[in-house]
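Notes follow once the structure below has been shown.
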Amino acid sequence: MFWNDANEQTPVFEVPDTVVDVNFKIKCAHIPLDHAHALSQAIVQRFAWVREHELAGIHLIHGAESGNGWYRPSDPSELIYPSKRTLFTLRVPKEHIEDAKTLAGETIQLLDTSIEFNKPTIRPLYKLTTLFSRYIISAADEDETAFLERMVAALSEQAIRPQKMMSGRTTTLSFPQGPISTRSLMVDGIEAAESVRLQQQGIGDGRHYGCGLFLPHKGIDAVGDTQEK
């Protein structure tokens, strides 16, 4: 007979600091709902590495939303009215953190308004099991089934195997060269290491104007409950 009383514990996954989110509280009267191009232009002019580094990205600015962040106004002519809690977030590779922090105290012009950036805070990426992206670039004629099949393949390339996925609303972003079609995506039931990897690498192009970036979410069940109300 043989037994081993030692309790083997699974090592706790530690989130690497390779990439972080740098959050700035902002002071701004209003922001156009469709501000991807203008914001990208202003930030890339200030930090060229945001466009050049494959792990860098710009989160678009969002105000109050419903459905646990899954829904928001759809008319691109509408305005966002930031509250004192509204943040502007840069996804920043470790080697550029100090440079990103220099945005504090500066003001940029964004179309017909200006944004003042306050002192930043550094936040590590999350190791939560549910993530979502508001904008993933999609062909205008790509239906939901084709989109999800493409997402499964893209995640598989990163060795990420979600238990559930859900495609959300479509959004069109305006650019001088023409509109860019996007879809939102929720990925549920992934491991901590997969979650961090997806936040680091994202899916698809357009990180420097808010596309392909993932954030934590309450989960598919929470969205389903909202839809049923």
ask   = Of Ile58, Ala29, Pro120, which is farthest along the charge dipole of the range 19-124 in the positive direction, counting Lys and Arg as +1 and Asp and Glu as -1 at C-beta?
value = Pro120
request  = Work out, in µm²/s and without decimals, the Stokes-Einstein translational diffusion coefficient of the range 130-228 at 4 °C, 1.567 mPa s, Rh from Kirkwood over C-alpha pairs.
outcome  = 94
message = Per q in 0.18, 0.20 Å⁻¹, report the Debye log10 I(q)/I(0) for the range 145-201, using one uniform scatterer on each alpha carbon and no solvent.
response = -0.69, -0.79
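Determine the calculated [θ] at 222 nm for the chain from helices alone, applying -39500 (n - 2.57) to every DSSP H run no shorter than 4 residues and normalising by the residue count; nearest 500 deg cm²/dmol.
Value at 222 nm, helices only: -6500 deg cm²/dmol.
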key: Inter-site label distance for Arg169 and Thr107 at 7 Å from Cα along Cβ, in nm   = 3.2
inquiry  = Full-extension gain between Glu157 and Arg123, please, as 0.36 nm times their residue separation minus the C-alpha to C-alpha distance.
reply    = 9.6 nm
note = Measuring from its Cα centre, the chain shows a charge dipole (+1 at each Lys and Arg Cβ, -1 at each Asp and Glu Cβ) which, in debye to the nearest 20, is 680
In degrees, nearest ten, helix 144-157 long axis to first principal axis of the chain (Cα) = 60
ask   = Relative to the first principal axis of the alpha-carbon coordinates of the chain, what is the inclination of helix 36-46, with its axis defined by its Cα atoms, in degrees from 0 to 90 and to the nearest 10?
value = 90
ask   = Of (i) 1.07; (ii) 0.96; (iii) 1.01, which is the value of Rg/Rh (Cα atoms, Kirkwood Rh) derived from the coordinates here?
value = (iii)
task = Taking the Cα centre of the range 130-228 as origin, work out the dipole magnitude from +1 charges on Lys and Arg Cβ and -1 charges on Asp and Glu Cβ, in debye rounded to 20.
result = 340
remark   = On the formula 1/(1 + (r/R0)^6), with r taken between the Cβ atoms of Ala42 and Lys94 and R0 of 25 Å, the FRET efficiency rounded to 0.05 is 0.60
inquiry  = On the Cα set of the range 19-124, report Rg and Dmax in Å, please.
reply    = 13.5, 38
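Taken together, the values in this text are just the output of simple stated rules run on the coordinates, not laboratory data. Quantities reported herein were computed from a predicted structural model and do not represent experimental measurements. Using ideal geometry, Cβ is built from the backbone for each residue, glycine included, and neighbour counts are taken over all protein chains shown.
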